[in-house]
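The values are calculated or read from the model by the stated rules, or taken from the named source; none is laboratory data. Here the structure is a predicted model, which is why all the values come from computation and not from measurement. Quick reminder, even Gly has a Cβ in these numbers, built from the backbone with ideal geometry, and neighbours come from all protein chains shown.
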Amino acid sequence: MASPSRTPTARARPLSPHLSVWKPGPAMIVSILHRITGDGMATVGTVVLVWWLAAISGGPASYAPFHYVFMALWGGAIGYLFGIGLTLSFFQHLATGIRHFFLDVGANYDLKGNRAGSIATMVFSVVATAAFWAYLTMVK
Amino acid sequence: MGNGTELGRVRGLGSAKEGTHHWWSQRLTAAANLFLMVWFFIAIARLPAYDYETVRAWLSSPWAAIPMLLLIASVFYHFRLGLQVLIEDYVHGAARVMWLLALNFFSVGSAAIAIFAILRVAFTVTGVPHG
């Protein structure tokens, strides 16, 4: 039964609530971070990884430009930028991915626990990234 | 809104005829990625240096080449599924088809390069002349 309010020309139907209507909180932030870090690694990380593997297989002459860009140019600044960025992305995506495994089985939906878990993923990614790069640059 | 036919409910594939395949594949590869990527980060951290000879010697070992091949398969499948969701969320209309095609070219093409590179290193005996 087509009533006037159901025709295509009727007023716009309400859309599902989106980012702008929610007050930002840890759960919202880590959800967004999960997407940004995942899609960042999927694009930037893939290019760097594939370039690295192809450069190794191509021999010394093809490895030289990769080594120059990431480890020699400007004191290796590009290497640090991409390396630390991708490491932070990896640990954040790993932590929020594990958070999703808990949510998938219906666990940790209570407000306090969910909030604490969300914050824990960010603490973990920063600490793990700092530890990883401290090991690379200082311990070795 | 109805719940579909009884046969449809048994099949559990829903209106998109996909069921939970996409979701489940993403979770399955996520679990594999957890192990493979942790291995990769430890392996990278444990390399004594990052010059050509060192990384080539590392990658030519089966202990590195085989996990790397598994990593490429699992991680690239995982990111293909993830980028698909990104495209489906933000690109609409005919452009979506183009982007999804580009996604397949990107993920399959980059995986092919990566796999070929790993195999070439693993199957090339250093010190012996080759093509």
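Only helices (runs of 4 or more DSSP H) wholly contained in the range A:1-93 count here; list those with 2 or more residues that are closer than 20 Å to A:Phe124 by Cα.
Qualifying helices (runs of 4 or more DSSP H): A:26-40.
Being more than 10 Å from every other protein chain (Cβ to nearest Cβ), at pLDDT 95 or above, closer than 21 Å to B:Val38 by Cβ and touching a His at 6+ places or on another chain (Cβ under 6 Å) narrows it down to one of A:Thr96, A:Thr121, so name that one.
Numbers: A:Thr121 fails: touching a His at 6+ places or on another chain (Cβ under 6 Å).
Matching residue, one of A:Thr96, A:Thr121: A:Thr96.
Suppose we filter B:Ala65, B:Ala32 for residues that are touching a Leu at 6+ places or on another chain (Cβ under 7 Å) and not hydroxyl-bearing (Ser, Thr, Tyr); which single one remains? Don't jump to the end; show me each part of the working.
Values: B:Ala32 fails: touching a Leu at 6+ places or on another chain (Cβ under 7 Å).
Checking each option against the conditions leaves just B:Ala65.
Identify, from the list B:Leu59, B:Leu69, the residue that is under 21 Å from B:Thr126 (Cβ atoms) and either in contact (Cβ under 8 Å) with a residue 60 or more places away in the chain or away from chain A (no Cβ under 13 Å) (or both). Explain how you work it out, then say what you get.
Values: B:Leu69 fails: either in contact (Cβ under 8 Å) with a residue 60 or more places away in the chain or away from chain A (no Cβ under 13 Å) (or both).
Going through B:Leu59, B:Leu69 in turn, just one is under 21 Å from B:Thr126 (Cβ atoms) and either in contact (Cβ under 8 Å) with a residue 60 or more places away in the chain or away from chain A (no Cβ under 13 Å) (or both): B:Leu59.
Do any residues in the range B:14-39 that are within 11 Å of chain A (Cβ to nearest Cβ) and touching a residue at least 24 places away in the same chain (Cβ under 8 Å) have Cβ atoms under 8 Å from those of residues that are β-branched (Val, Ile, Thr) and in a helix (DSSP H, G or I), where the two are at least six apart or on different chains, and which pairs are they?
That search, which allows pairs on different chains as well, returns B:Thr29/B:Val75; B:Asn33/B:Val75; B:Met37/B:Val75.
Evaluate the following for A:Pro65: is it free of Cβ contacts under 8 Å to residues at least 12 places away in the same chain, more than 9 Å from chain B (Cβ to nearest Cβ) and surrounded by fewer than 17 Cβ atoms within 10 Å (Cβ to Cβ)? Before the answer, list the steps.
On the way: free of Cβ contacts under 8 Å to residues at least 12 places away in the same chain: yes; more than 9 Å from chain B (Cβ to nearest Cβ): yes; surrounded by fewer than 17 Cβ atoms within 10 Å (Cβ to Cβ): yes.
When the stated conditions are applied, A:Pro65 passes them.
I need the full set of residues from the range A:99-111 which are over 20 Å from B:Trp23 (Cα atoms) and either assigned to a helix (DSSP H, G or I) or modelled with pLDDT of 95 or more (or both), in order please.
A:Leu111
For the range B:10-54, name all the residues that are surrounded by 15 or more Cβ atoms within 10 Å (Cβ to Cβ), assigned to a helix (DSSP H, G or I) and hydroxyl-bearing (Ser, Thr, Tyr).
B:Thr29, B:Tyr52
Check whether at least one residue in the range A:101-115 is within 11 Å of chain B (Cβ to nearest Cβ) and surrounded by fewer than 13 Cβ atoms within 10 Å (Cβ to Cβ), and report yes or no. Walk me through how you get there before you give the answer.
Our first condition is that a residue be within 11 Å of chain B (Cβ to nearest Cβ); within the range A:101-115, this holds for A:101, A:104-105.
Of the ones still in play, those that are also surrounded by fewer than 13 Cβ atoms within 10 Å (Cβ to Cβ) are A:104-105.
The answer is yes; a qualifying residue exists.
Inside the range B:81-103, can you point out the residues that are over 18 Å from B:Trp23 (Cα atoms), part of a helix (DSSP H, G or I) and away from chain A (no Cβ under 13 Å)?
Correct list: B:Ala94, B:Ala95, B:Arg96, B:Val97, B:Met98, B:Leu101.
For the structure I just gave you, tell me whether A:Ala131 is closer than 18 Å to B:Ala43 by Cβ, in a helix (DSSP H, G or I) and modelled with pLDDT of 95 or more. It would help to see each step written out before you state the result.
Values: closer than 18 Å to B:Ala43 by Cβ: yes; in a helix (DSSP H, G or I): yes; modelled with pLDDT of 95 or more: yes.
Considered against the rule, which asks whether it is closer than 18 Å to B:Ala43 by Cβ, in a helix (DSSP H, G or I) and modelled with pLDDT of 95 or more, A:Ala131 comes out as yes.
Say we look at the range A:30-54 and pick out the residues that are in contact with a His (Cβ under 8 Å, 6 or more places away or on another chain) and within 9 Å of another protein chain (Cβ to nearest Cβ); which of these is farthest from A:Gly97 (Cα to Cα)?
Looking at residues that are in contact with a His (Cβ under 8 Å, 6 or more places away or on another chain) and within 9 Å of another protein chain (Cβ to nearest Cβ), I get A:Met41.
Which residues, taken from the range B:55-80, are assigned to a helix (DSSP H, G or I) and within 13 Å of A:Leu53 (Cα to Cα)? Before you say what the answer is, go through the steps one by one.
So in the range B:55-80, the residues assigned to a helix (DSSP H, G or I) come out as B:55-59, B:62-80.
Scanning the range B:55-80 gives B:Val55, B:Arg56, B:Ala57, B:Trp58, B:Leu59, B:Ala64, B:Ala65, B:Met68, B:Leu69, B:Leu71, B:Ile72.
The conditions are (1) crowded, with 19+ Cβ neighbours inside 10 Å; (2) more than 13 Å from the chain's Cα centre (by Cα), and A:Gly75 fails exactly one of them. Which is it?
Status for A:Gly75: all satisfied but (1).
How about the range A:47-67: which of its residues are of a type in the set (S, T, N, Q) and under 11 Å from B:Ile113 (Cα atoms)?
First, the residues of the range A:47-67 that are of a type in the set (S, T, N, Q): A:57, A:62.
Hit for the range A:47-67 is A:Ser57, nothing else.
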